[in-house]
Amino acid sequence: MTVLALFLLLASFLVGIILIPLGLPGLWLMLLGIIGYGALTDFQTIGLTTLILAASLAFLGEIIEWRIGFKYAKRYGGSRRAGWGALIGGLVGAIAGLPVPIIGSVLGSFLGSFVGAAIFEFTTSPDTAVGAGWGALLGRIVGTAAKTALGFVIAVIGLGAVLLN
């Protein structure tokens with residue numbers, strides 16, 4: 001049972017890391033992998049501290065991604081509307097890009113962030129719309145990188161709990 005549990009844990013980490021740039025809930029899949037490993041092994045090596053730490057990092061990843069998108073849109077001249085446009089546009093773009101395998105969702109998310117921020121900003125300030133779009137695109141890239149880094153931290157914490165106990 002332990003070999004199967006370890007395989008499922010590692011698979012959840014790998015798939016989770018791949019899902020993050022696609023705009024899908026990779027961090028949450030990784031957390032579920034840790035919980036699943038714990039359940040399959042009667043929580044012999046996975047404790048409450050590990051679960052709380054992993055859940056906190058997953059939640060932090062969502063906040064960071066959201067805040068960075070708003071921050072960069074604003075830094076490049078956009079308003080709060082541009083931040084909301086980036087968020088909505090990124091989600092719509094990720095969904096629209098799904099028919100193109102693997103990379104379509106990533107590119108759709110990035111393009112959607114740019115377009116969403118630019119359109120939302122254009123409705124109030126046409127002069128700053130393109131700058132807000134670029135800021136949103138950069139924010140999406142930085143946010144995705146930060147969230148992916150947190151995914152690796154969650155994987156190290158999960159594997160540390162399994163291998164060091």
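Tilt of helix 103-122 relative to the longest C-alpha principal axis of the chain, in degrees (0 to 90, nearest 10)?
40
Any number yet on Rg/Rh for region 10-92, C-alpha, Kirkwood?
Checking Rg against Rh, the ratio lands at 1.13.
Express the Stokes-Einstein translational diffusion coefficient of region 41-80 in µm² s⁻¹, to the nearest whole number, given a Kirkwood radius over alpha-carbon pairs, 37 °C and a viscosity of 0.692 mPa s.
Result for D is 266 µm²/s.
Would you look at the GNM of the chain, springs on alpha carbons closer than 10 Å, and say which of 17, 103, 88 moves the most?
In this elastic network of the chain, the residue with the biggest mean-square fluctuation among 17, 103, 88 is 103.
As an exercise, find the ratio Rg/Rh for region 61-115 from alpha-carbon atoms, using the Kirkwood inverse-distance average for Rh.
For region 61-115, the value is 1.02.
To test your reading of the geometry: what angle, between 0 and 90 degrees and rounded to tens, separates the Cα axis of helix 26-40 from the longest principal axis of the chain?
That helix lies at roughly 10 degrees to the long axis.
Can you tell me the FRET efficiency between residue 163 and residue 75 if r is taken as the Cβ-Cβ distance and R0 is 35 Å, rounded to the nearest 0.05?
0.25
Counting only C-alpha contacts under 8 Å and six or more residues apart, can you give the relative contact order of region 66-165 as a whole percent?
32
Full-extension gain between residue 24 and residue 56, please, as 0.36 nm times their residue separation minus the C-alpha to C-alpha distance.
9.7 nm
Calculate how steeply helix 80-96 sits against the longest principal axis of the alpha-carbon atoms of the chain, using the helix alpha-carbon long axis, and give the answer as 0 to 90 degrees to the nearest 10.
With rounding to tens, the tilt is 60 degrees.
For the chain, which whole-number percentage of the solvent-accessible area (1.4 Å probe, protein heavy atoms only) is attributable to carbon and sulfur atoms?
After summing per-atom areas, the C and S share lands at 78 percent.
Find the relative contact order for region 1-127 and round it to a whole percent, using C-alpha pairs within less than 8 Å whose residues are 6+ positions apart.
Averaging sequence separation for qualifying contacts and normalising by length gives 20 percent for region 1-127.
With a Förster radius of 41 Å, plug the Cβ-Cβ distance of residue 43 and residue 127 into 1/(1 + (r/R0)^6) and report the FRET value to the nearest 0.05.
0.10
Quick one: Debye curve from the alpha-carbon atoms of region 23-165 only, equal weights, vacuum; give me log10 I(q)/I(0) at q = 0.11, 0.13, 0.14, 0.18 Å⁻¹ to two decimals.
For the requested q values the scattering log ratios are -0.48, -0.61, -0.67, -0.89.
The values are calculated or read from the model by the stated rules, or taken from the named source; none is laboratory data. Note that this is a predicted model, so its numbers are computed, not measured. A quick note on method: Cβ atoms are made from the backbone with ideal geometry, for glycine too, and the neighbour counts reach across all protein chains shown. Calculation scope for accessible area: heavy atoms of the full protein, side chains included, ligands and nucleic acids excluded. Shrake-Rupley method; radii C 1.70, N 1.55, O 1.52, S 1.80 Å.
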